[in-house]
Amino acid sequence: MKDASEFGKVAVVYGGSSNERSVSLDSGAAVLQALQNQGVDATHFDPKHQDITELRDYDRVFNVLHGRGGEDGLLQGVLQWFDIPQTGSGILASALGMDKVRTKQLWQGCGLSTAPFSLLTADTDWQQVVNMLGLPLIIKPVHEGSSIGMTKVNHLDELPAAYATAVQCGDVVMAERWITGREFTIVIIDDEAYPVIRLEPADITNFYDFEAKYNRNDTGYYIPCGLSNSDEKHLQDLSLAAFRAVNAKGWGRVDAMQDEAGNFWLLEINTVPGMTSHSLVPMAAKAQGMDFDTLCWHILAQTL
């Protein structure tokens, strides 16, 4: 379709009350501007300040609400109840994708390689965790995105403090084996894996954390990613299988590592990825020959 009027009245939902509010505000503002540039009757809708039932006044929703409330099935359920078309994944995929442990359990059940992990509690035997997973480890809140609350642990005695940091972001915390190697992200739109991006934080001993994602300008992004054609195709196929396994739809992003032996390990899936100036979806789309405005139009058109 070519006529913006066919979209009707569009709510671009962003902001919200999650720990990712600041990122959502940046992403959503960029999407809103891109749609308005093309004549779409698009309006900002912030659930933190507006009654969610007001969404009944719109014809469709472009969801850029990162984190809890927008990426975990809650907004998806409300919109399904209201019978309002929305971008991205539905209730099941969103709920699964926001839960790192259940995503990994599903992937394991499908025979897809994902880094070994263990759930943690305040009573966990830290030595047992190290015996099982080794060192270094990455400690993560299970229900957060944007690397919020994550800590790399190099020594046993660092585990309690890393757990304390993560548990402030939610009561479910996991330890995951640290994969030494190269980090990649794979953008998927319309069930097609876009060119793989290799990520290289300025401090290569660390990980692609919140600062590297949104605030630093010295993080390296590489397209082409440096993989052989066959390895890139294998990683794209693995990511598509991971995306489909959680029943994700429309658009999203899968993060993965390649260890020093050349093996790929799935990390997590993002069903409402960032759309900021530092974000990876626009970067992959550009490599595919699609500018940001066209990308936003294309994602919105999935709701028709």
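The values are calculated or read from the model by the stated rules, or taken from the named source; none is laboratory data. Given the structure is predicted, the values throughout are model-derived calculations rather than measurements. Ligands, DNA and RNA are excluded from the accessible area calculation, which covers all protein heavy atoms including side chains. Shrake-Rupley method; radii C 1.70, N 1.55, O 1.52, S 1.80 Å.
Per residue, the stretch 1-74 exposes 43 Å² of accessible surface when a 1.4 Å probe is rolled over the protein heavy atoms with every protein chain present.
Computed from the Kirkwood radius of its Cα pairs, the Stokes-Einstein diffusion coefficient for the chain at 25 °C and 0.890 mPa s stands at 125 µm²/s. Relative to the longest principal axis of the Cα atoms of the chain, the long axis of helix 100-109 lies at roughly 80 degrees. Comparing 27, 89, 18 in a Gaussian network model of the chain, where Cα atoms under 10 Å apart are tied by springs, the biggest mean-square fluctuation is seen for 18.
Given the protein chains as shown and a 1.4 Å probe, how many square angstrom of residue 235 are accessible, to the nearest 10? Using a 1.4 Å probe on the heavy atoms, I get roughly 0 Å².
Cross-link partners of residue 249 among aspartates and glutamates, defined as those whose alpha carbon lies under 19 angstrom from its own and excluding same-chain residues fewer than eight positions apart: 71, 72, 83, 99, 190, 191, 192, 237, 268. What part of the accessible area of the chain, given as a whole %, is carbon or sulfur when the probe is 1.4 angstrom? That share works out to 48 percent. Summarising the amide proton neighbourhood of residue 197: residues at separation of 5 or more, or on other chains, whose placed amide H is nearer than 5 Å comprise 185, 187. The stretch 149-192 and the stretch 1-61 have Cα centres lying 30 Å from one another. Accessible surface calculations at 1.4 Å, restricted to protein heavy atoms, place the stretch 96-185 at 42 Å² per residue. Using the alpha carbons alone, the radius of gyration of the stretch 235-304 stands to its Kirkwood radius in an Rg to Rh ratio of 1.00. Normalising the average separation of contacting C-alpha pairs (under 8 angstrom, six or more residues apart) by the number of residues puts the relative contact order of the chain at 20 percent. Where does helix 292-301 land angle-wise versus the long Cα axis of the chain, in degrees 0 to 90, nearest 10? Relative to the chain, helix 292-301 is tipped by roughly 80 degrees. Rounded to the nearest 10 degrees, the inclination of helix 229-245 to the longest alpha-carbon principal axis of the chain is 70 degrees.
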